[in-house]
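Below you'll find the structure, written out as structure tokens, and then a few comments.
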Amino acid sequence: MIIFNMVSIEIGAQCNRKCWFCPNAYNERPDEYMSDELLAKIADELASIKYDKRIEFYIYNEPLRDKRLLDIIKMFRAKVPKACLMLATNGDYAKSSKTFQKLYDSGLNQLQINVYSNVKRYRQLKGMIEETSG
């Protein structure tokens, strides 16, 4: 029996923002990423228990900074196919609807975009999402 319903994975330590409400605003963190080996170990361990709940890629970093992100999502999708894969982002690294389409094509189920900048950026991101789902 699984006694937890969510696993949050911080694949990197840095964020491109320093939001006043976030520990990143006043804590210095190294610009490093979780190793491929550790990510594979986590996925393998979740696969071994046939995990089928939520896996979230976020916490106090910006996942879209990591050039491995699509491969990470593909790996988790392959190893824990019944899990709900979720990504939280500030959207700053999204350049077009293709950014989001590639995430979904890699196996992502849910996307949360926290827009902290301005209405113009909100409208841009909303348009990208509408193109993706349209």
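The values are calculated or read from the model by the stated rules, or taken from the named source; none is laboratory data. Every value quoted in this text rests on a predicted model; they were computed, and no experiment measured them. Don't worry about glycine lacking a Cβ; one is built from the backbone with ideal geometry, like all the others, and counts go over all protein chains shown. Calculation scope for accessible area: heavy atoms of the full protein, side chains included, ligands and nucleic acids excluded. Shrake-Rupley method; radii C 1.70, N 1.55, O 1.52, S 1.80 Å.
Calculate the dipole size of the chain relative to its Cα centre from +1 charges on Lys and Arg beta carbons and -1 charges on Asp and Glu beta carbons; express the result in debye to the nearest 20.
480
Hey, what did the chain get for relative contact order, percent, Cα under 8 Å, at least 6 apart? List each step's numbers first, then the result.
On the way: 194 pairs, mean separation 31.2, N = 134.
Reported relative contact order: 23 percent.
Within segment 17-72, what whole-number % of the accessible surface is contributed by carbon and sulfur, with the 1.4 Å probe and all protein chains included in the calculation?
For segment 17-72, the apolar C and S fraction of the accessible surface comes to 54 percent.
Cα-based Rg of the chain per 2.2 N^0.38 Å, rounded to two decimals?
So the chain has a normalised radius of gyration of 1.08.
Return the long-range amide H neighbours of Leu87 (sequence gap of 5 or more, or a different chain), with a cut-off of under 5 Å between placed amide H atoms.
The list, which skips near neighbours in sequence, is Phe57, Gln110, Leu111, Gln112.
With runs of 4+ DSSP H residues as the only contributors, calculate the mean residue ellipticity of the chain at 222 nm using -39,500 (n - 2.57) per run, divided by the residue total and rounded to the nearest 500. Numbers along the way, then the final one.
Details: 4 runs with 49 residues, N = 134.
The helix-only estimate for the chain comes to -11500 deg cm²/dmol at 222 nm.
Could you name the lysines whose alpha carbon sits less than 16 Å from that of Lys74, not counting residues in the same chain fewer than 8 places away?
Lys74 reaches Lys41, Lys82, Lys102.
What's log10 of I(q)/I(0) for segment 24-84 at q = 0.27 Å⁻¹, Debye sum over Cα points only, no solvent?
Result of the Debye calculation: -1.23.
Tell me, what is the per residue accessible area of the chain in Å², probe radius 1.4 Å?
Heavy-atom SASA per residue in the chain reads 61 Å².
Rounded to whole Å, give me the distance from the Cα center of segment 93-134 to that of segment 40-61.
23
Mind listing which trypsin sites (Lys or Arg not before Pro) in segment 1-94 are in a DSSP loop and have 11 or fewer other Cβ atoms within 10 Å?
Answer by residue number: Lys18, Lys50, Lys67, Lys82.
Semi-axes of the equivalent ellipsoid of segment 56-111: what are they in whole Å, largest first, if each equals the square root of 5 times a C-alpha gyration tensor eigenvalue?
17, 12, 10
From the backbone phi of segment 41-53, what are the Karplus-calculated ³J(HN,Hα) couplings (6.51 cos²θ - 1.76 cosθ + 1.60, θ = phi - 60°) in whole Hz, Gly and Pro given as x?
3J(HN,Hα) across segment 41-53, in whole Hz: 4, 4, 4, 5, 5, 5, 5, 5, 9, 6, 4, 9, 9.
To the nearest 10 degrees, how steep is helix 119-133 against the longest Cα principal axis of the chain, on a 0 to 90 scale?
Helix 119-133 sits roughly 50 degrees off the main axis of the chain.
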